[in-house]
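Below you'll find the structure, written out as structure tokens, and then a few comments.
The values are calculated or read from the model by the stated rules, or taken from the named source; none is laboratory data. Computed from a predicted structure; not experimentally measured. Methodologically, a virtual Cβ is constructed for each residue, glycine included, from the backbone with ideal geometry; neighbour enumeration extends over all protein chains shown. Only protein heavy atoms, including side chains, enter the accessible area calculation; ligands, DNA and RNA are left aside. Shrake-Rupley method; radii C 1.70, N 1.55, O 1.52, S 1.80 Å.
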Amino acid sequence: MGDSPGDKPYEQISEELIAERARQQAQKEAEELWKQKEAEITKKFRDAMAKEKAKIVAEKWKTETEDRKAKLMEEKIQEELKKREEEERQRGEEQIRQQEELRAKELYLSLKQAQQHNQHNEHEEQEWKEQLRRSKAADEERSHKARRARDEYRRQSLRAIQKGKVAGLSNLFKGTSLNNEPVIKLNSNNPSPLMTLTTPARKAWERPSRPISREILIHWFKEEQLPRRAGFEMNTCAVAPWFHGIISRQEAEELLMNKSEGAFLVRVSEKIWGYALSYRQQSGFKHFLVDASGDFYSFLGVDPNRHATLTDLIDFHKEEIITSSGGELLLEPCGQRKNPPDYSSLFE
């Protein structure tokens, strides 16, 4: 499909198959309705004709001189009844035809929505797999940088000790064994700032492969995003007017409903380690996933640019479109309606 100039594209074939299925189903339902309608019409006029015949027979007993007149009247009535029956049949057929068309449209929309829902789920699954891959790569890169930093620190410390430049540090490591069990001995008359090394470190935050609960998302935001000033305006301590908390796609669309094209908000995503940018376009809404699993922020699948902060990404797309096909520019931030704001749990 689509390899030769005369072949129809897959989307057109899919549309035609859906329309044909809807038309056949509606036609079948229309035939059943017409059978019922035809039975009702036939019974109605059969009963009426029987009544009129009974009247005519009664009149015949009155006088033979009126027999011919009664016969003519019978024929006239029959013709009138047939005419009325035909008119009602035509009205019934038109009614059934309209119902068939309406039903075909309803079935088409239902099948189309089901198809779009399946495609949307497949698209989200692909985006999550891509985000997971990038997250693992970022974790490996961070681990590699941390190992290099530790190795460099050890080299610099040993070099400094050998040269006699940091005597205090040399005294600190006198009681350190080779099996990495520090036995720190400091002169009580000359306490060192390195005393903080004896304080047990807080257990490191270990991020799951994907968000599994609202509590985990809040913890992730506080551990990884607050230090990177996610959600804040540039060079201030104020929360950006476009920033929102953990809200659903439906809630985002309700906030943007009465806004003009170009209005937008950023919410914490419940599907990936990152955010969703909800955008108001002329005919509806768009939702873009923002990956924050690494040391940068970038759109998943639509824009390869990487940004140091979330605010940098937003400011960049106030002047540069997100996609060439949609031409989306971030023109108007969509603020809060609730008090307290929906992001309050992230900053508590």
- DSSP loop GluC sites (Glu not before Pro) in region 273-328 with at most 13 other Cβ atoms within 10 Å of their Cβ, which ones? GLU319, GLU320
- Query: Which length gain, in nm to one decimal place, applies between GLN27 and GLN99 when the Cα-Cα distance is subtracted from 0.36 nm times their residue separation?
  - Reply: 25.0 nm
- Message: Using protein chains only and a probe of 1.4 angstrom, how many square angstrom of VAL57 are accessible, to the nearest 10?
- Response: 80
- Measure off, as a whole percent, the carbon and sulfur share of the 1.4 Å-probe accessible area of region 231-325, all protein chains present. 45
